Amino acid sequence: MQVRIGGTPVLHGADLTLAPGRLTAVVGPNGAGKSTLVRAVAGLQGIAGGTVRWRGEELRGIRSRRLARLRAFVPQRASVPDGVTVRQAVTIGRAPHVRPLARLTRADHAAVDAALARAGVEAFAGRRLPTLSGGELQRVQVAVGLAQEAPVLLADEPTSHLDLGATAGLARMLRRLTDEDGLAILLVVHDLALAAAVADEVVVMAGGRTVATGAPGDVLSPGRLADVWQVDAALATDAGGRTALHVRWLDDAPPVG
């Protein structure tokens with residue numbers, strides 16, 4: 001896939017494949033093209049070369065309402081309008097299923113209820129969006145996507161502004177949606193330890209290209225961390241499944257003690 005923005009090449013050689021019941025994490029340094037890739041896959045950014053296919057059909061031939069039934073997109077930062085409740089926001093996700101000027105059916109209301117429950121936001125469905133924390137807002141954005149009932153969820157750095165607890169909670173929810181609901185999830189993320197913990201497959205990008213794809217332990221090797229991020233680091237997982245990124249922060253660190 002190739003993407004140009006303002007005449008400047010941003011992607012030139014990026015590729016990935018999504019599958020049901022699998023979570024794919026896209027990682028890479030700043031400027032690698034991660035967000036551009038997920039936006040191009042979502043149909044929100046035009047491409048200059050290559051193809052994007054959804055279930056074998058080229059993206060350019062899919063109308064927007066049908067595309068919204070194939071994939072849901074969770075932005076990094078969504079607008080937070082005053083006066084809109086959580087339930088009202090999630091109801092917007094039903095738009096691809098509702099004919100113009102038609103009312104929501106019983107099935108639509110049931111889908112909204114299910115989306116609220118699956119995202120864990122039903123307890124504050126009546127609250128207005130500006131009253132929510134960052135973690136709660138991101139869960140609501142996922143609920144909006146779930147209300148679309150699309151088989152694929154694309155999330156562009158949903159944890160970038162969250163604290164540790166909110167990040168862990170969102171990660172557990174995305175993993176559950178993959179394992180229990182069979183969604184295909186594409187997660188753009190900066191945190192390599194998080195990617196290694198939750199992803200079935202990691203796509204590493206650098207300079208607008210896909211440089212490696214595979215299991216987290218295979219592609220996030222010390223050698224690749226050095227090549228792509230220019231850092232002396234290694235990922236580690238303990239017996240309890242906790243992941244950590246061990247980094248040599250200083251070249252000449254003084255001895256301890």
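Nothing in this text is a laboratory measurement; each read-out follows from the coordinates by a stated rule. Not measured: the values here are computed from a predicted model.
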message: Just to be sure I understand: of the beta bridges DSSP finds with both ends in the chain, what percent are antiparallel, rounded to 5?
response: 50
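Ignoring everything except DSSP H segments at least 4 long, calculate the 222 nm mean residue ellipticity for the chain; use -39,500 (n - 2.57) per segment, divide by total residues, nearest 500.
Details: 9 runs with 84 residues, N = 257.
One gets -9500 deg cm²/dmol as the mean residue ellipticity at 222 nm.
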query: Where the centre of each part is set by its Cα atoms, how far does the stretch 72-100 sit from the stretch 191-241, in angstrom?
result: 33
- prompt: Once phi is turned into ³J(HN,Hα) by the Karplus curve 6.51 cos²θ - 1.76 cosθ + 1.60 with θ = phi - 60°, what whole-Hz value does each residue of the stretch 192-206 show in order, with x for glycine and proline?
  reply: 5, 5, 5, 4, 5, 6, 10, 8, 7, 9, 10, 10, 9, 10, 7
